[in-house]
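This report concerns only the one structure given below.
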Amino acid sequence: MPETPYYLIDKARLLPNLEKIAWLRENSGAKSLLALKCFATWGVFDLMREYMDGTTSSSLFEVKLGAEEFGGETHAYCVAWADHEIDEVIRVSDKVIFNTANQLRRFDSQSANHTRGLRVNPGVSTSDFDLADPARPFSRLGEHAPEDIEPVKDMISGFMFHNNCENASFERFDAMLGMIEQRFGHLIRQMDWISLGGGIHFTGEDYPLDKLAERLKRFGGQNEVQVYLEPGEAAITNSTTLEVTVLDTLFNGKNLAIVDSSVEAHMLDLLIYRESGHVAPNEGPEEWMICGKSCLAGDIFGEFRFPEALRPGDRLSLQDAGGYTMVKKNWFNGVKMPAIAIRETDGTERLVRDFGYDDFKAALG
Ligand SMILES: Cc1ncc(COP(=O)(O)O)c(C=O)c1O
Ligand SMILES: NCCCCNCC[C@H](N)C(=O)O
């Protein structure tokens, strides 16, 4: 296996999520597209494509990656397409989804023979984080008003709503879908397909999947639309660890261990959303703060419990390190980027990508 740090994607831990996704399609008719913004490590797409219907994207590069490496249906969404991107987007995608009626009109002639959709912002969301709240005040994400959608409705055949964020409550999802139907139902019923976006944590242990299936089936049936979901986190949750090694320890009122990785560079979401990482089982008499090796004072993975005092050379696994990590990793401080390894379902592990000084240098000039 590679030297640490490396992300380790375990297919056996990915599988239960994928099986739930496939079950949901079977029992609701809703298709699931992997949200590449969350996870785009294409070395495991061979497994994922057996259970999912394709990909959805946030940029031209993600559209291309989805089409090349995942296949199936390729939805192309972006907050704003550029003039020089649109022809290629249309060439490689199955559907193009515009963020505003303005962009739809702007690219009308290029996209006239393509399947087109529009993002709609229902003005309600589940986000606890202002940063990730699509319904935040003055949000640029999608058209808000039915009267602004009405004039362009004949140019499109579907809508994309994305208003859930880490939503583990079926009741909240159900209530918000009800609000969407109430406000936009007359427009939805004129469409062929509706994407309900990502952020629904339906692969979680206690999630009432049967209720979700029934609700989605009813929504699709009553409105006569094909329903899509765009799981990111839900598809890959708990599948991946970040493997690190302790480089040094010190005591400064607390036990501190410095590892060969960096939150800022390798698990950025922990910093921007001010959350802690996870270790398992997080038990024992010893309490240690696990710190990154960048010079950022707050580069801290969290405080965890261990059976024994940590020492240089100890290996640690940071849990649930698959979503919004590999897609966001960066070269801050020139810290070596974690390699990417895959554990196959038979337990064998293989290295799929490593990064070195040449990659660091090439990224900067
Ligand atoms: C349009 C859209 N679809 C899907 C997702 C995936 O969300 P999650 O990873 O929370 O499931 C996002 C997240 O930003 C999104 O903006
Ligand atoms: N764990 C803290 C919140 C993470 C929010 N993830 C959602 C991502 C969001 N949809 C995005 O736009 O990146």
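Annotations for the structure displayed:
- DSSP bridge pairs, the chain: antiparallel proportion in percent, nearest 5: 40
- For the pair GLU171 and TYR273, a Förster radius of 25 Å applied to the C-beta separation gives a FRET efficiency near 0.55, rounded to the nearest 0.05.
- Among the GluC sites (Glu not before Pro) in region 296-365, those placed in a DSSP loop whose Cβ has at most 11 other Cβ atoms within 10 Å are GLU308.
- Shown are TRP81, TRP331, TRP42, whose ranking by accessible area with a 1.4 Å probe and every protein chain present, most to least, is TRP42, TRP331, TRP81.
- Net +/- balance of residues flanking ALA82 in space, Cβ distance below 12 Å, scoring K and R +1, D and E -1: -3
- Our estimate of slack between GLU303 and LEU364, defined as 0.36 nm per intervening residue step minus the Cα-Cα distance, is 18.6 nm.
- All lysines inside 24 Å of LYS31 as judged from Cα atoms, apart from same-chain residues fewer than 8 positions distant: LYS11, LYS20, LYS64, LYS95, LYS153, LYS211, LYS217
- Prolate/oblate/rounded label for region 234-321 (Cα gyration tensor, a/c 1.5): oblate
- Cα gyration tensor shape for region 141-261, rounded if a/c is under 1.5, else prolate or oblate: prolate
- Segment ARG189-ASP154, length gained on full extension (0.36 nm per residue, minus Cα span): 11.4 nm
- Listed residues CYS165, CYS295 arranged by accessible area, highest first, probe 1.4 Å: CYS295, CYS165
- Between helix 11-28 and the chain there is an angle of about 20 degrees, using the helix long axis and the longest principal axis of the Cα atoms.
- Average projection, convex hull of the Cα set of the chain: 19.5 square nanometres.
- Solvent-accessible area assigned to carbon and sulfur over the chain amounts to 48 percent, based on a 1.4 Å probe.
- For region 1-135, accessible area per residue (1.4 Å probe, heavy atoms of protein chains only), Å²: 40
- By average C-beta atoms within 10 angstrom, highest first, the peptides 281-287, 226-232, 57-63, 216-222: 226-232, 57-63, 216-222, 281-287
- Partner lysines for LYS329 [C-alpha distance under 16 Å; skip if fewer than 8 residues away on the same chain]: LYS37, LYS293, LYS361
- C-alpha center-to-center spacing [region 71-142, region 1-56] in angstrom: 23
- Distances between placed amide hydrogens fall under 5 Å for GLU143 paired with ARG119, VAL120, ASN121, all partners being 5 or more residues away or on another chain.
- Cut-off 15 Å between beta-carbons: net charge of the residues surrounding ASP346, Lys and Arg +1, Asp and Glu -1: 0
- Entry note, region 12-235: relative contact order of 22 percent, from Cα contacts under 8 Å with a spacing of 6+ residues.
- Using alpha-carbon coordinates, inclination of helix 170-188 to the longest axis of the chain, degrees: 30
- Spin-label model, ARG218 to GLU205: label points 7 Å out along the Cα-to-beta-carbon direction sit 2.9 nm apart.
- Region 1-147: C-alpha gyration tensor shape, a/c 1.5 cut-off, then a/b vs b/c: prolate
- Stretch gain in nm, segment SER58-ASN113, where the contour uses 0.36 nm per residue and the Cα spacing is subtracted: 17.7 nm
- Computed from Cα atoms, the angle from the helix 209-223 axis to the main principal axis of the chain rounds to 20 degrees.
- Cβ-derived FRET efficiency at R0 35 Å, LEU131 paired with ARG311, nearest 0.05: 0.40
The values are calculated or read from the model by the stated rules, or taken from the named source; none is laboratory data. Note that the coordinates shown come from a computational prediction; the quantities given were computed from them, not determined experimentally. So basically every Cβ, Gly included, is an ideal-geometry build from the backbone, and we count neighbours across all protein chains shown. Note: accessible area is taken over every heavy atom of the protein model, side chains too, but ligands, DNA and RNA are not part of it. Shrake-Rupley method; radii C 1.70, N 1.55, O 1.52, S 1.80 Å.
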